[in-house]
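Structure first, then comments.
The values are calculated or read from the model by the stated rules, or taken from the named source; none is laboratory data. These figures come from a predicted structure and were not determined experimentally. Cβ: placed from backbone, ideal geometry, glycine included. Neighbour counts: every protein chain shown. The accessibility values were calculated without ligands, DNA or RNA, using every heavy atom of the protein model including side chains. Shrake-Rupley method; radii C 1.70, N 1.55, O 1.52, S 1.80 Å.
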Amino acid sequence: MKVLLPEILEMLWEVWEQNPGAEVYTGGTDLLVKLREGVTWPPALICLERINALRQIWEEEDTVVIGAGTPHTALIRHPLIQVEFPVLVEALKVLGSPPIRNMGTLGGNIATASPAGDSLPALYVLNAEIVLTDAKGSRTLPIHEFITGPGQTGLGPREIITGIRLKKTAPYTVSRYEKVGKRKAMAIAVASLATCLRLSPDGRIESARLAWGSAGPAIVTSPEIETAMSGQPLTPELLRGLIPAVEREVSPIDDIRATAVYRRKVAANLFLRLSGISEGGASA
Amino acid sequence: MKISFTLNGKPVSCDLPSNRRVVDVLREDLGLMGTKEACGTGECGACTILVDGIPRLSCLMLAAQLEGRDVTTIEGLSKSGETLHPIQQAFVEAGAVQCGFCTPGMVLATTHLLSENPRPTREEIREALSGNICRCTGYQKIVDAVELAAEKLTEKGETA
Ligand SMILES: Cc1cc2nc3c(=O)[nH]c(=O)nc-3n(C[C@H](O)[C@H](O)[C@H](O)COP(=O)(O)OP(=O)(O)OC[C@H]3O[C@@H](n4cnc5c(N)ncnc54)[C@H](O)[C@@H]3O)c2cc1C
Ligand code: FES
Ligand code: FES
């Protein structure tokens, strides 16, 4: 198995044409584990880490475009991402460990499409759009259309993710990501919740965006709960009243890390904890 | 495949299968046994090396990715190659080494931490070393060692 390292996209299409069965990788923190487990053994690998165009972050009017090959550490430290999308920064801070965040990339986390992928709830809350590119050109899909199931995406043959588009919005009062895992570093989530809330000065919820991870075969969002929250004061009573809705919306599974019953309970408890947030509390 | 990179300050060039894991290149092809392998899947940090100064896991990197890079392993940390680097010395003095299997990874992760943050808090030290597992020491003495190393280096006016 040979490993190829194209430095520009044009070279990528060329080497992929010559090695049609090749798989791509960037940080390798998912793919090389799969190779070791023998889950996949392609005739060739193409590493995207040297393609500079995939590591840029830039603004286009009201949108920030993140190159898919940007490592998590670079995103966590980027001033524009910190200011505009704190919920993403909170999520990436608890993804893996420092060396995993130095190697692993946003594009790799999205393409892996694990229901436990830590960037995903934040990207759903932010209505991320995924830019897909092949030798012929680019197309853009909302993230919830791109991810079609656990480990399943709408990636076409010889197509890669080149960028992630995030629209800047009026700032949220609260941006946070909380995950419950078995230990602090490197724990794959048992359940997680990304939340963005805009509160009025008197503590009413003007708008709410919520997304649960590891709580079903896909990331769970709920327009019903978001609508029920809007206009209401953020109180324990409000949240308690919505617990039946949370339990209805999530559809977790049993696996080696936790049972479905426990996951449902954790998903509900993460939601209840939102009442502990005071105005301005970014990540309590 | 011919691969050229800088290893512990010296240029090297070798003919390697491009899909060979970097940890195997270092240990088996180049005879540098300081880099350890325990889990082989990114969980433990024993195989940590610095690539262009940044900690990466050599069990999750393939030989082709070394091309043109500047790699530091534990063998290259002490410039003289004879006396220990102040960080290594601090690990010895603080009693942070028992079996020693995690130590090269811990020391390299510390090197990077102190290069960015010369006087970290204990909490910052724990966070920076959270990708490195030690089954012997219970971590307290490792955190002590990093504090001691920070003191030694700032006293000398050196950076890691
Ligand atoms: C010890 C350990 C702990 C981890 N902890 C967590 C955790 O807590 N939370 C979490 O979410 N994940 C975790 N992960 C998984 C992994 O680190 C992340 O998913 C990471 O973001 C993957 O990025 P990568 O660049 O390394 O992906 P790679 O391994 O390079 O690629 C992963 C997959 O994505 C595809 N791919 C990569 N880049 C692109 C692209 N630009 N376009 C199209 N396809 C692409 C590859 O073909 C491959 O199928 C962990 C992994 C390890 C080894
Ligand atoms: S051997 Fe590489 S992280 Fe454990
Ligand atoms: S000293 Fe034995 S693993 Fe850390």
Ignoring ligands, DNA and RNA, the residues of region A:100-119 whose accessible area with a 1.4 Å probe is reduced by 10 Å² or more relative to the chain alone are A:100, A:101, A:102, A:103
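Would you kindly calculate the mean projected area, averaged across all directions, of the convex hull enclosing the Cα atoms of region B:86-156, in square nanometres? All intermediate terms of the calculation are to be shown ahead of the outcome.
Working: hull surface 15.8 nm².
Answer in nm², one decimal: 3.9.
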For the table A:136/A:168; A:2/A:167; A:2/A:182; A:34/A:93; B:36/B:79, the rows whose alpha-carbon distance is greater than 31 Å are A:2/A:167; A:2/A:182
Mean accessible area per residue over region B:86-156 (1.4 angstrom probe, all protein chains present, square angstrom) is 45 Å²
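Just the number please: accessible area per residue for region B:2-76, 1.4 Å probe, all protein chains included, in Å².
That works out to 36 Å² per residue.
Rounded, prolate or oblate for region B:1-151? Axes are the square roots of the Cα gyration tensor eigenvalues, ordered a ≥ b ≥ c, and the cut-off for rounded is a/c under 1.5.
Numbers: a/c = 2.00, a/b = 1.69, b/c = 1.18.
Taking the square roots of the gyration eigenvalues as a ≥ b ≥ c, region B:1-151 is prolate.
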The Cα radius of gyration of region A:173-279, divided by 2.2 N^0.38 Å with N its residue count, comes to 1.05
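Quick check for you: with a 1.4 Å probe and neighbouring chains kept, what is the accessible area per residue of chain A, in Å²? Intermediate values should be presented prior to the final figure.
Working: 12310 Å² over 284 residues.
I get 43 Å² per residue for chain A.
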Computed from every Cα-Cα pair in chain A, P(r) in 10 Å bins starting at 0 and rounded to whole percents is 6, 29, 34, 21, 8, 2, 0
Share of accessible surface on carbon and sulfur in chain A, whole %, 1.4 Å probe and ligands ignored, is 53 percent
Along principal axes, largest first, the alpha-carbon spread of region A:118-174 in whole Å comes out as 41, 25, 15
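Once the other residues with Cβ under 12 Å from the Cβ of residue A:14 are scored (Lys, Arg +1; Asp, Glu -1), what is the net sum?
Its environment carries a net charge of -2.
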Per the charge dipole of region B:86-156 (beta-carbon charges, Lys/Arg positive, Asp/Glu negative, Cα centre), the residue among B:136, B:120, B:105 reaching farthest to the positive end is B:136
Averaged over residues of A:44-53, the number of beta carbons from other chains lying within 10 Å of each residue's Cβ is 2
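Per the Kirkwood treatment, what hydrodynamic radius in Å, one decimal, follows for region A:2-167 from the mean inverse distance over all distinct Cα pairs?
Values: mean 1/r = 0.0625 Å⁻¹.
Roughly 16.0 Å, rounded to one decimal.
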Ordered by number, the trypsin sites (Lys or Arg not before Pro) in region A:81-180 that occupy a DSSP loop and have at most 11 other Cβ atoms within 10 Å are A:136
The orientation-averaged projected area of the Cα convex hull of region B:2-76, in nm², is 4.2 nm²
Note: B vs A interface, total accessible area buried (1.4 Å probe; ligands, DNA, RNA excluded), nearest 100 Å², is 2200 Å²
